[in-house]
Each structure stands twice: as structure tokens, then as C-alpha cells.
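Beneath this line is the structure, given in C-alpha cells, with notes to follow.
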Amino acid sequence: MRFALAFLLVLGLTGVARAQDPDAEAARQHYKAATGHFAVGEFSDAATEYEAAFKLHQDPALLFNAAQSRRLAGENQKALVLYKNFSHLYPNSPQLPAVKEQIEKLNEVVAAEQKAKTSPPTTTIEPKNESAPAPTPTPTPTPTSTPTTTSAAANASTSASEKPPIWKK
């Protein structure tokens with residue numbers, strides 16, 4: 001009889017302790033909010049809530065869901081970090097094959113993103129602006145040759161051989 005009474009007392013105390021655990025309740029609230037965000041396609045917000053829930057209650061499903069949400073939000077670098085952390089923290093998880101597959105895919109995506117950021121462009125395209133007229137090239141002036149005279153005698157002979165112009169009225 002004493003044993004049964006002690007068992008009920010211990011069972012009751014653990015229930016009270018569980019009901020008074022503010023972290024567990026806060027984690028549940030973050031999880032509910034995350035599920036709502038995820039359902040309507042707000043993946044970045046969902047990831048933030050899953051991460052907050054995971055900080056309060058380290059459940060592998062929360063970390064996995066956070067990684068999935070970051071990936072779906074296009075936050076590939078952050079998703080890769082979360083997937084890698086999942087594989088290190090939970091090496092015996094049944095989701096590990098899916099996690100490793102995502103890690104491989106994201107490694108390729110992140111590498112391609114880095115290459116795109118650091119590589120120079122390979123080609124350029126001239127902009128089409130139909131409202132402004134195309135610029136016209138300016139012709140380069142051709143040099144004119146001017147006779148140079150070196151002596152006064154040469155000057156006198158050319159002016160003497162020239163005839164004055166004839167004007168008509």
C-alpha cells in the first residue's frame with residue numbers, strides 16, 4: 001500500500017513539474033507558429049520559429065524542419081549548416097539518408113552561387129533604348145595642306161603669275 005501511494009505521489013509530481021515547465025510550453029508555441037508559417041509558404045518565418053523551438057527543446061524533428069524551411073526559403077548556406085549539424089547531432093536518425101542527400105545537393109548549389117558571385121561575366125549585351133536616338137559618330141576632320149614658302153622670291157613668283165579675278169556686274 002505504501003508502495004502504491006509513493007508511486008502515485010511520484011507520478012503526480014512529475015505531471016506537475018511537466019505542467020510548470022515554461023520552456024516546454026514556449027517550445028510548443030514556437031512549433032505551432034512554425035507549422036502555421038510553413039503551411040502558408042512563409043518558409044523563412046517558419047525556420048525562425050522551428051529554430052526557437054529547438055533551442056528550448058532539442059528534438060531532431062525541429063532541427064530537420066528548420067533546415068527544410070531554410071532550404072525552401074532559398075537560404076541555402078544556412079540550410080546547409082543546419083543539415084550538417086543535424087547529421088553530427090543525430091547520426092542514428094532515420095532521416096539521415098535524406099539529410100545526406102540534401103547536403104550533397106546544397107554543396108553543389110552553394111558552390112555554384114559562390115562561383116557566380118566571384119566570376120567575371122562572360123558576355124555583355126548592348127542595352128536597347130528605343131526612346132533615345134542612336135548616337136551618330138562624329139567625323140574626324142581631315143588635315144588640309146597649306147603650302148609653305150621658304151623664301152620671299154618664291155612668294156613673288158607665285159603672286160606675279162596669278163591673274164586677278166574678273167568680276168561681273
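Structure notes:
- Projected-area mean, segment 33-83, by convex hull of Cα positions, square nanometres: 2.9
- Peptides 30-37, 63-70, 96-103, ordered by how many other C-beta atoms sit within 10 Å of their residues on average, highest first, read 63-70, 30-37, 96-103.
- For segment 33-52, backbone nitrogen atoms closer than 17 Å to the point 7 Å from Glu113 Cα along Cα-to-C-beta are found at 43-48.
- Unit charges at the beta carbon, dipole of segment 25-96: most positive-side option, Pro91, Leu80, His30: Pro91
No value in this document is a laboratory result; all are computed from the given coordinates. None of the values given here were measured: they were computed from a predicted structure. So basically every Cβ, Gly included, is an ideal-geometry build from the backbone, and we count neighbours across all protein chains shown.
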